[in-house]
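The values are calculated or read from the model by the stated rules, or taken from the named source; none is laboratory data. Keep in mind that this is a model prediction, so the values were computed, not measured. Reconstructed Cβ throughout: ideal geometry from the backbone, glycine too, with neighbour counts over all protein chains shown.
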Amino acid sequence: MRKFGSIGLVTAGFAGLVFAVFAAFVSVQVDGQIKNKRAVETIEAPKAIGPYSQAIVANGFVYTAGQIGTDPKMGTFVEGGIAEQTEQALKNIDAVLKASESGLDEVVKTTVFLADMNDFAKMNEVYAKRFKAPFPARSTVQVARLPRDAKVEIEAIAIVKK
């Protein structure tokens, strides 16, 4: 009985040591990630209107907030429909990416939110002119409503140039 008890203590002690080493490693990794995170802000894109950043740069990537077809100087939607709003949303994303030391050529993933999936073809036509092969991965979904009743909102993930 005594022999099994001491084996249990040794096993528990070893498990505790492994856990402590693992916890220290994870703590270092999390601290490193937090230190490498920075917010991006540019006047060349619409100002964030809530508690969020235009983009966050972390670990070699930039993650943009969704952009709609708002002219950053006027604060209103550009004139026209889905094509014009798509073009402006992409200009806004490009401005945020440039402020992040990136650009449309470095985009690896986009998400497109449409108020009406019937606008897909017109949005896609504008989108295709702004990106080159290899094209970013993309998800496109229809949503019930977008901020300020926009027709389109686009967000992106890109590699930061170094």
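A few notes on this one:
- Counting only strands (runs of 3 or more DSSP E) that sit completely within region 101-160, those holding 2 or more residues that are under 17 Å from THR70 (Cβ atoms) correspond to 107-114, 152-159.
- Out of PHE131, PHE135, one residue alone is touching a helix residue (DSSP H, G or I) at 6+ places or on another chain (Cβ under 7 Å) and within 27 Å of LYS37 (Cα to Cα). It is PHE131.
- Of all residues in region 83-101, those being in contact (Cβ under 8 Å) with a residue 60 or more places away in the chain and out of contact with any Lys or Arg (no Cβ under 7 Å at 6 or more places or on another chain) number 5.
- Counted residues, region 93-111 - those being touching a Pro at 6+ places or on another chain (Cβ under 6 Å) and crowded, with 23+ Cβ neighbours inside 10 Å: 1
- LEU104 meets the conditions (1) over 25 Å from VAL40 (Cβ atoms); (2) in contact (Cβ under 8 Å) with a residue 24 or more places away in the chain in every case but one. The failed one is (1).
- Single residue of ILE34, ILE49, ILE82 found to be farther than 25 Å from LYS161 by Cα, at pLDDT below 95 and either buried (at least 16 other Cβ atoms within 10 Å of the Cβ) or of a type outside the set (D, E, K, R) (or both): ILE49
- Answer from GLY80, GLY50, GLY60, GLY75 - the residue that is in contact (Cβ under 8 Å) with a residue 40 or more places away in the chain and among the small types (Gly, Ala, Ser): GLY60
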